[in-house]
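A short worksheet on the structure shown next.
Where a number appears in this text, it was derived from the coordinates with a stated rule and is not lab data. Just so it is clear, the structure is predicted and the values come from calculations on it, not from any experiment.
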Amino acid sequence: MKVIAITGKGGTGKTAVAGMLIKHITKGNKALLAIDADPDSNLPDVLGVKIDKTIGDMREFMLQERDKMPPDTNKERVLESKVYEVLTEMPHYDLLVMGRPEGSGCYCFANNLLRGIMDRILKNYDLTIIDTAAGLEHLSRRIIRDVDELLVVTDGSRRGLQTAERIRGLAVSLNLNVKKMHVIANKVTPENRARIEEYARELKMDLVGVVPFDETLARFDLEGRPLAELPEDSAAMRGVGEIAKRMGLY
Ligand SMILES: Nc1ncnc2c1ncn2[C@@H]1O[C@H](COP(=O)(O)OP(=O)(O)OP(=O)(O)O)[C@@H](O)[C@H]1O
């Protein structure tokens, strides 16, 4: 069981990278779970999957219904079955969407239940890939507790790499117990490649790979086509494939 969280500043292309990574991993035979933990992200669209409900919806349901349940109801079991209802099973992986952030109510009760439930769900898979925002939201509230590796996507700008540095600091201060942190530079052009490598060295970042700026990807996105359907030989897909191989993901 390995858990990898993909993170980075908004707009750097982390969801695109997550989608392409998932596509490559499905070529192997690992039991794979993909989690969209960024309320602003659109991992299901990138993967071409239609989602109806999220874990956030189920948590709301639980908070609204719990007082109406008979006192001897096992609420953890009820919520767990609701979470399984929102698990989308695709031919080569499963997908869970965390959904909207919490409202103003008290979520401690439901989040405490969710922690145990998520721990158990993750144990069913060889590999879990989480797309999460730069604030590491669900990780910081420990709804998802174990993260082995952090993969920070940056757009190659100095500021992007500084965000990567901040995320590294955040992971340490949250005691996330991350064993490895990698950085991926995305949207790289021949002109900025050398500069990115130099910045990365300066900041002592392990640059696990670079993903080129890809016109085909940009066009797919404009046309609203799932990026997971990008041709295998497109520049970005090949770049992410090399990273997946280097990280031993398939
Ligand atoms: N390698 C690439 N080549 C060209 N365009 C890219 C590449 N990677 C991502 N993009 C484009 O960059 C934009 C941002 O990508 P994406 O939505 O994946 O970013 P994000 O970091 O997940 O942002 P958010 O946090 O807002 O979801 C999209 O328009 C996407 O098409």
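Bridging of Lys82 to lysines at a Cα separation below 20 Å is possible for Lys50, Lys53, Lys68, Lys123, once same-chain residues fewer than 8 apart are set aside. Counting only DSSP beta bridges with both residues in the chain, the antiparallel share comes to about 5 percent. Mean residue ellipticity at 222 nm, helices only, the chain: -12500 deg cm²/dmol; runs of at least 4 DSSP H residues each add -39,500 (n - 2.57), and the sum is divided by the number of residues. Under a Gaussian network description of the chain, with springs only between Cα atoms under 10 Å, the residue in Asp126, Asp94, Asp52 that fluctuates furthest is Asp52.
Quick one: plug the Kirkwood hydrodynamic radius of the stretch 157-219 (C-alpha pairs) into Stokes-Einstein at 4 °C, 1.567 mPa s, and report D in µm²/s.
On the way: Rh = 12.7 Å.
D = 102 µm²/s.
Distances between every pair of Cα atoms in the chain, grouped in 10 Å steps from 0 to the bin holding the largest one, split as 7, 32, 35, 19, 6, 1, 0 percent.
Over every Cα atom in the stretch 145-250, the radius of gyration and the widest Cα-Cα span, Dmax, amount to 14.7, 41 Å.
Of all lysines in the structure, the ones whose alpha carbon falls short of 29 Å from that of Lys204, not counting any fewer than 8 places away in one chain, are Lys2, Lys9, Lys14, Lys179, Lys180, Lys187, Lys245. One way to sum up the overall shape of the stretch 80-146 is the equivalent ellipsoid from its Cα gyration tensor, whose semi-axes run 20, 14, 12 Å, largest first.
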